[in-house]
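Data block below; observations after.
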Amino acid sequence: MLLFTTLLLLIVLGAAAAEAVRRLRLARRENETLRSRLERFELHLQRTETPRSVDVTALRRESQQVFLALEAERLRDVFAYVLADCRDAMGAEEVVLWTWNEEQDALRPEDWSTEGPCPAFFDADAWGPLVAWSLEESRVQIAADAGVVRAATVPVMLGDTQLGVLSVTNRQGLTRTKEDLRHWMPRLATQVAHVRELVSRGLEYGRHLRRSSALLKAVQRLEADPNADAVARSLCETAVVLTGARGAALVKWSAAADRGALEYATAGLGLRWPNVVGPDTQVAEWCRHARPVVLEDARGRTTAHALYGVGRSMRDPGSVALVPIIRRDVVLGALILEAHEVNDFGPDITEELAVLLAVAAGALELAWSYGEVDKRSRTDPLTGLYNRAHFGEQLEEKLEFASRHEQPVSLVMVDVDHFKRVNDTFGHEAGDAVLRRVAALIQEEVRSTDVCARYGGEEIAVLLPGTPSESARELAERLRERIASNVAFHKGAGIPVTASFGVATYPEAVTVRDDLFPRADEALYRAKADGRNCVRVHGTTAVFATG
């Protein structure tokens, strides 16, 4: 009897051991299956990796929105693939990942294993409370009906962070026992948590990769230009490409003078440059505060006069963004972007531009420093116009271009009338004020491609490339009228000013290049001999205007 009992006990223990071995082998196989699924998922991620080659336009808000939408769709596809594996492993009809929606203050399905815009088989009335209980109690919840397990839920945790709840359901009954579900559901939840984190990190990595690559392209584009004018142009054009704005302007700022200079503006803004940005403009105020400014609705607040102190040839913007250019805590200037419509700039536009400007600041500081030295060597310190030496260089260059391309070039010589009388009557400082005023009026009328120079004393030369004789005469007449209608002021005293003009054009009336300046000078002296305050044109005896 004892022997029989012993044998029976050994048989029972052997069966139990065999069952334990079987369960261990089954667990190992299922672990291997889960590991294999995760490896396939990682390979899937690698196959759909974000392309590394992107253009500067990848930083535009609309481009980033398209990218995020595509990546979100890829995330949804990948998660559906993972949740389908979980469904098959648990013998379920459907698996759903639930996450907390802050706006709706409720759990909402984020991803699911079935096709369609929402879970297809989840019975919210029967199993909805189960999902909430898992979230609240942080443990596996099981719903059984007449011994048939139809739903199980488990919190999805990543470390101590609760990401949501995983539900597995089958209206006909899950193939797993309650014991199996309690054992495997937490493991599946852990796998889902890690996969979700992996995909999220991949999405973030792709976003940063695109951003870094686009910024690198922008910086390379910027650093390809060596001088101040080229850097200014490249910076503005790159910023427009990067943001999709209608145009960009670059302002150089001087804290000591409390004013700025409009160094460059793209054609999309309709601004004349170079130009002065006065202390009472919005750009000046923003430069003083050295902080980025984004006006999403700039209608009625940012006319060109209010922004820059100058006029423009197109309608005012709907949105404006300004980012200061700072180098060693000193504001060097600012980049201003304009958009046609309101709300065209995203909240992160200043951050994107700040990275670009951090690189541009050094190049601009160096270029502007050299530019100042070069400008001082080429300009007249009293009027700010080019000096005689630079004018001689430009005259040769423009005449050579005109000969090569068979285009006209005109020269207008200007002489302030009775300038000695002004000095004798009001003093030399008053004479200086008159010259500065006349120079400013001329600069306001000419194009950025024209060359204005103080030739000597009270004489100013205006070189007009690509300008025929009649157009040059019309410009001279406008200048004459503006000067005559404006009064220069010195120490509160008004000083009336007029000027005489001589015009010559190559190759219309002047057939020899080297004769252009002498012929314009002769026309000027004829204007002075005819009573001053008038315009005379070489090659004609017609009297066009007399004051």
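Every read-out reported here was derived from the displayed coordinates using simple, explicitly stated rules and does not represent laboratory data. Note that the structure is a prediction, hence the values are computed from the model and not measured. As a convention, Cβ positions derive from the backbone with ideal geometry for all residues, glycine included, and neighbour counts pool all protein chains shown.
Side notes on the structure shown:
- Mean projected area of the convex hull spanned by the Cα atoms of the stretch 228-377, taken over all viewing directions: 8.0 nm².
- Our coupling estimate for the stretch 297-305, obtained by passing each phi through the Karplus curve with A = 6.51, B = -1.76, C = 1.60 and θ = phi - 60°, is 10, 9, 4, x, 10, 9, 5, 4, 5 Hz, Gly and Pro reported as x.
- Residue-wise HN-Hα coupling along the stretch 355-362, computed from phi with Karplus coefficients 6.51, -1.76, 1.60 (Hz; x: Gly, Pro): 5, 5, 6, 4, 6, 5, 4, x
- Here the gap between ARG404 and HIS183, fully extended at 0.36 nm per residue and compared with their Cα-Cα distance, gives a gain of 70.7 nm.
- Ordered by the count of other Cβ atoms within 10 Å of each Cβ, fewest first, MET90, MET157, MET185 give MET157, MET90, MET185.
- Potential extension, THR190-ARG526 segment - 0.36 nm per residue separation minus Cα distance: 111.4 nm
- Modelled FRET efficiency - R0 56 Å, SER369 with THR511, Cβ distances, 0.05 increments: 0.80
- Sorted by Cβ density within 10 Å, fewest first, the residues ARG259, ARG436: ARG436, ARG259
- Fully extending the segment from SER138 to ASP297 would add 52.5 nm, taking 0.36 nm per residue of separation and subtracting the current Cα-Cα distance.
- Computed 3J(HN,Hα) for the stretch 145-156, one whole-Hz value per residue from the Karplus formula 6.51 cos²θ - 1.76 cosθ + 1.60 where θ = phi - 60°, is 9, 6, x, 9, 7, 10, 7, 9, 10, 8, x, 9, glycine and proline marked x.
- Cα-projected label distance for VAL487 with GLU197, points at 7 Å along beta-carbon direction, nm: 8.0 nm
- Going by neighbour counts of Cβ atoms within 10 Å, the residues THR302, THR505, THR467 line up, fewest first, as THR302, THR467, THR505.
- Nitroxide proxy distance, nm - points 7 Å out along Cα→Cβ at ASP258 and ALA124: 6.5 nm
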